[in-house]
Amino acid sequence: MGNPTAAVAPSADEQARTIADLQRQIDELKAMVKDLQAAQLATAPPVAPSAPAQVAVTSETAAASSPPRVSPVQPTPAAPQLASQSGAAPPTTAARKGMPWYEKLSLRGYTQMRMNQIVSGDATAPAGVSRLRTIGDGDVRDDGTFSFRRVRLVLQGDVSDYLSLYFQPDFAVAVSNQSAGERREGFAQLRDAYADVFPTGDKSFRIRLGQSKVPYGWENMQSSSNRLALDRTDGINSAAPGERDLGIVAYYTPTQVQKVWDRLAADGQKLFGNYGAFGLGVFNGQGLNRTEANGSVMTVGLATWPFELDALGLDGQVLELGGSFMRNRISPELRTGGISPVGFKDNRIGVHAILYPQPFGLQAEWNWGRGPEFDPVSRQIVERPLRGGYVEAMARVRQSPIGPFYPFARWQYYRGGFKGAINAPRLETEELELGFEFLPTPALELTVTYGWASRREADERRFGQAEGELLRVQAQWNY
């Protein structure tokens, strides 16, 4: 007899058909499950952004709240590098459109409160004789004590990949001649109002439109919130009193330069702000918040380049060298009222050098040129030569019982007219200043200086040199 089991066993073809049928049923079940999941997702409420999107927004917001020297939009006046230039990719236009307004724009600022005391010397003088005064701070006077030097707020942000804005008023402006020469303080004044246009979306090149800093002189470009000495020097600042004007300027920063500045900023060095390694601009030329008076424009240019000195055995040390030029015609204000009907040459050229303190550093600038100056003999404004600058030595102590601090010493010299005052009076300045700045906390900076000054007052009706010693203290808080 044959084997009964073998007689009922399925053939190979039957097994294959059974397996195929089971596979078909499994595929149908998978499709049904997939359709059900899709239907549930279509009817579900919107969910919060995923973790990667949150990280991208947080990175942009954190960068925007940093000090000016590391700002993703504008370096400042305590400068700052753009996010795209420091290696971080900015959010795309699509991502930015989804951001709320408070993540596109940032608000920050700083306040400087001062105490000036003329310790000895010519605090007062009879009519016609110079008193000890400075062009950098109107509260250096015989009866001055506490004052606000600056109260700044900055609104800034990227509007798109191709446009950013920057707006800065100052609320510590004084207005004179309210009542027999009495000063009234606490007025608001426009300082900066400009847009940066990035034609290619590459933030290494920008075109700046509006009222902004005139690219002349390294310390003129450096933010007052980031400078060691309390005031800019007469020799350099007399080129652009107020540091700003209305016009158009183009800035370019090569990638290799930006990398050096980013490293210095990360190290906490006091940079001059991201105004470009090269800058070229045209402005009205009359000065900060003054109406154009003669129809000509001021042409200004600046170039600066940081050299790393590691190859010389000075690891981490950077030497920055550069220069500036200015070509302008200006119509000064007249004592008799109005402005001069004559436009005077206002041409300069300057050089600068900065060895960043690691831990010791040096900084120096000098400039020469011709400009308007009051002649006491003819009682008229004429064109005359000018020259001046400064040398500053500083050190950086990273750790101490009182926190990080910078001791410094600065000598300045200037001989020439001051176009920012009525009748463009002649200045004759020579001053030695010792000081130190320390930071009890990152948000608070305290600076104390003591100086020996010989100055001619910025008033063509007063003559001679005023001499004396000055004690000055400043508290700056950043927010």
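The values are calculated or read from the model by the stated rules, or taken from the named source; none is laboratory data. None of the values given here were measured: they were computed from a predicted structure. Quick reminder, even Gly has a Cβ in these numbers, built from the backbone with ideal geometry, and neighbours come from all protein chains shown. We work out accessible area using only protein heavy atoms, side chains counted, and drop any ligands, DNA or RNA first. Shrake-Rupley method; radii C 1.70, N 1.55, O 1.52, S 1.80 Å.
Rolling a 1.4 angstrom probe over the protein heavy atoms, how many square angstrom per residue are accessible across region 325-408?
Numbers: 4230 Å² over 84 residues.
Here the residues of region 325-408 average 50 Å² of exposed surface.
Which far-off residues, 5 or more places away or on another chain, put their amide H under 5 Å from the one on residue 154, with H placed in the peptide plane?
Under 5 Å from the amide H of residue 154 lie the amide H atoms of 108, 109, each far enough along the sequence or on another chain.
As an exercise, use a Förster radius of 35 Å and the Cβ-Cβ distance of residue 395 and residue 145 to find the FRET efficiency, rounded to the nearest 0.05.
FRET efficiency, residue 395 to residue 145: 0.70.
Check the straight Cα-Cα distances from residue 203 and name the aspartates and glutamates below 12 Å, setting aside those fewer than 8 residues away within the same chain.
Within reach: 158, 161.
Please list 140, 173 from largest to smallest accessible area, probe radius 1.4 Å, with all protein chains kept in place.
Result of the area sort, largest leading: 173, 140.
For residue 270, which lysines qualify as cross-link partners when the Cα separation must be under 16 Å and same-chain residues fewer than eight apart are set aside?
259
For a quick check of understanding: with a 1.4 angstrom probe and all protein chains in place, what accessible area in square angstrom does residue 467 have, to the nearest ten?
110 Å²
Give me the percent of the accessible area of region 258-383 that comes from carbon and sulfur atoms, probe 1.4 Å, all protein chains in place.
Values: 3560 of 5680 Å².
That share works out to 63 percent.
For region 232-308, what is the Kirkwood hydrodynamic radius in Å, using each pair of distinct C-alpha atoms?
Hydrodynamic radius (Kirkwood, Cα only) of region 232-308 equals 14.3 Å.
Binned at 10 Å from 0, what are the whole-percent values of the Cα-Cα distance distribution for region 418-479, short to long?
20, 31, 28, 18, 3
What accessible area, in Å² to the nearest ten, does a 1.4 Å probe give for residue 207?
Rounded to the nearest 10, the figure is 50 Å².
Taking all protein chains in place and a 1.4 Å probe, what share, in percent, of the accessible surface of region 129-242 do carbon and sulfur account for?
Carbon and sulfur: 56 percent of the exposed surface of region 129-242.
Hey, which lysines would be in cross-link range of residue 345, C-alpha to C-alpha under 22 Å, not counting anything within fewer than 8 residues on its own chain?
213, 419
Region 269-349: D in µm²/s via Stokes-Einstein (Kirkwood Rh, Cα pairs, 20 °C, 1.002 mPa s)?
Stokes-Einstein gives a translational diffusion coefficient of 139 µm²/s.
Ranked highest first by average number of other Cβ atoms within 10 Å, how do 121-133, 19-31, 270-282, 323-335 line up?
Peptide ranking by packing, descending: 270-282, 323-335, 121-133, 19-31.
Given a 1.4 Å probe and the protein chains all in place, what does the accessible area of residue 411 round to, in Å² to the nearest 10?
Its accessible surface works out to 90 Å², give or take rounding.
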